[in-house]
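Working notes for the structure below.
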Amino acid sequence: MEIIMKKDFDMNKIIMFYRKDSGKKILLLLTFLGVGILFYILNCRTPLFADDYSYLYSWYAGERITGLKDIFLSQYRHYFVTNGRVILHFLSQLFLWLGKDCFNIINTIGFLILGILIFYHGVNLKLKNHISLLIFIYGALFIFTPAFGESFLWVTGASNYLYGIELILFYLIPYRYVEREKSVKEVKKSVIVALLKLILMFLFGILAGWTNENLSIAVIAIVFAFMVNYKLHKIRIVSWMIGGWVGNILGCIFLLISPGQLARLNMVGRVGIKEMIENIIKISVNIVDYFAFLILLFVMIGFYYIYQKNGIKITKKYVYDEINKFSVVLIYLLGFLGAAYSMIVSPFFPTRVWSGLLVLFLIILLSFYVEVVIKSLLKKVKHVQIVFISTFVLLCSCIYINAYASLNAVLYQYNIRMAIIEECIEKNQDEAYMPSIRSNSKYSCFDWSGDLGWDPDTWPNTALARYYGIPKIIRDDTIIK
């Protein structure tokens, strides 16, 4: 009888769990479903592009990728001849081997997870109670990513710029958790457990540090800032924290000293003092240009914070408490600045690279907003949030329609190309004249200059020709007018 009562009690607990806040849970589920469907549609309307055709083949044997062994061998060779980003390019070749249809599903899930990770790092609150902030995150990624198509929809681009920052945010979860709890919780004092944690974080740290050049610098700076924060707040620094950081440094070194990377830098030329100064100015201007609206929000929150503190006496303890309150803002700000200004030594700073910086800035903005606004005006701010998010969603909807139309235009050009290719293969022709696919939308991975070169021997043409088994592809833009 007691057993039956216990079972009934447990079942009641389960029922109560699902009934509690059921409206919020349904809204959260609908948010994920809505964002996922919309993102998936854009993915499906994005064809293979540029590097995708090259990464379908092994850098080691030159043959089509047929399995995991081929990918490992390919990336081994890639490290010596192209660049050191082998972790992310491994993902690229893996996704291409699995196929575009499979990638569309995986990438949709990956984008949804990115939003959750940004929320976790930036908002120290329950997700179900602040769904509006999650909606803002997805909307901000959609609107403010400078090259959304290249960073999140293109197979090779997403492998580098979506999954690079995602890998880093996953890796940083333990550090962020300790900062949240303000202590290190040991389940059991065991040398073996401590050693396993150290090894796992060291290996994970290598992977996180071996992502993108500027994000590698960012993760090293962020972990260092976390440990300084622990020291200031008398949180015990344990072995896995240091082991992870050492792993980051090693991963970054492996990335930067790649023979392929060094050869590439020698080819484009080194950056001198004059170029570095010019790059500092360009990067600063681009930060304001790309993130103007988000910076404006940050400034407005800052003014509200100053207004709140008007008349308060400034003491050492007060300053210490305020720095403590905004420790997460300062930690990720250091990472943001490291990621941005480490690029002063690079001869180029592609627009697609800015997606990782946007992610870090969103974490900074959300953390600042939570500390200044939500925790001080929790009830009053809800109505303002509803108006803001409703307007923001409406804006996103209008932009989405435009993005969808732009990708449709790209798909139209792609279908014309495929018809030409099929005819060429059917007639066994040695040459195929086809248009270069062009777009002026940031939601497309194609740009206005087109994806093909005027010289048939340039790599985009030869990569496409190899993929379809056509001897020569010649660009002819008169086919589409």
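Quick note: the coordinates plus some simple rules give every number you see, no bench work behind them. Small disclaimer: the values here were computed from a predicted structure and weren't measured. Neighbour counts are summed over all protein chains in view; Cβ atoms, including those assigned to glycine, are modelled from backbone coordinates with ideal geometry.
Listed values, structure above:
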{"read-out": "Label point distance in nm, ASN440-VAL184, each placed 7 Å from Cα along Cα→Cβ", "value": "5.7"}
{"read-out": "Derived scalar couplings ³J(HN,Hα) [the stretch 334-341; Karplus, 6.51 cos²θ - 1.76 cosθ + 1.60; whole Hz; x for Gly, Pro]", "value": "4, x, 4, 5, x, 5, 6, 8"}
{"read-out": "Rounded if a/c under 1.5, otherwise prolate or oblate - the stretch 25-97, Cα gyration tensor axes", "value": "prolate"}
{"read-out": "Low-density loop cleavage sites - trypsin sites (Lys or Arg not before Pro) in the stretch 208-314, where at most 16 other Cβ are within 10 Å (DSSP)", "value": "LYS234, ARG236, ARG270, LYS309, LYS313"}
{"read-out": "Spin-label pair ILE143/ILE399, simplified geometry with 7 Å Cα→Cβ offset, distance in nm", "value": "0.6"}
{"read-out": "Per-residue [θ]222 nm for the chain (sum of -39500 (n - 2.57) over DSSP H runs n ≥ 4, rounded to 500)", "value": "-23500 deg cm²/dmol"}
{"read-out": "The chain, Cα convex hull volume normalised per residue, Å³", "value": "211"}
{"read-out": "3J(HN,Hα) from dihedral phi, the stretch 52-62, Karplus parametrisation 6.51/-1.76/1.60, rounded to Hz, x for glycine, proline", "value": "4, 5, 6, 7, 6, 10, 6, 6, 8, 10, x"}
{"read-out": "Amide H partners (placed H, <5 Å) of ASP451, local residues excluded", "value": "ILE437"}
{"read-out": "Tilt relative to the chain, helix 292-308 - C-alpha long axis, 0 to 90 degrees, to 10", "value": "10"}
{"read-out": "Whole-angstrom Cα spans of the stretch 388-459 along principal axes, big to small", "value": "58, 24, 12"}
{"read-out": "Long-range HN-HN contacts of TYR433 with modeled amide H, under 5 Å", "value": "ILE474"}
{"read-out": "Degrees separating the helix 239-256 axis from the principal Cα axis of the chain, which is the longest one", "value": "20"}
{"read-out": "Alpha-carbon centroids, the stretch 386-415 and the stretch 90-162: separation in whole Å", "value": "17"}
{"read-out": "Phi to ³J(HN,Hα) by Karplus 6.51 cos²θ - 1.76 cosθ + 1.60 over the stretch 126-138, Hz, x for Gly, Pro", "value": "6, 4, 5, 8, 9, 5, 4, 5, 5, 4, 4, 4, 5"}
{"read-out": "Convex hull of Cα atoms in the stretch 85-170, direction-averaged projection (nm²)", "value": "5.7"}
{"read-out": "Cut-off under 5 Å, modelled amide H: who pairs with TYR57 long-range", "value": "ILE65"}
{"read-out": "Normalised contact order of the chain, rounded percent, pairs of Cα under 8 Å and 6 or more residues apart", "value": "19"}
{"read-out": "Cross-link partners of LYS325 among aspartates and glutamates (Cα-Cα below 14 Å; sequence separation of 8 or more within a chain)", "value": "GLU179, GLU181, GLU371"}
{"read-out": "Cα-Cα over 31 Å, subset of LYS69/LYS126; LYS128/LYS282; LYS126/LYS231", "value": "LYS69/LYS126; LYS128/LYS282"}
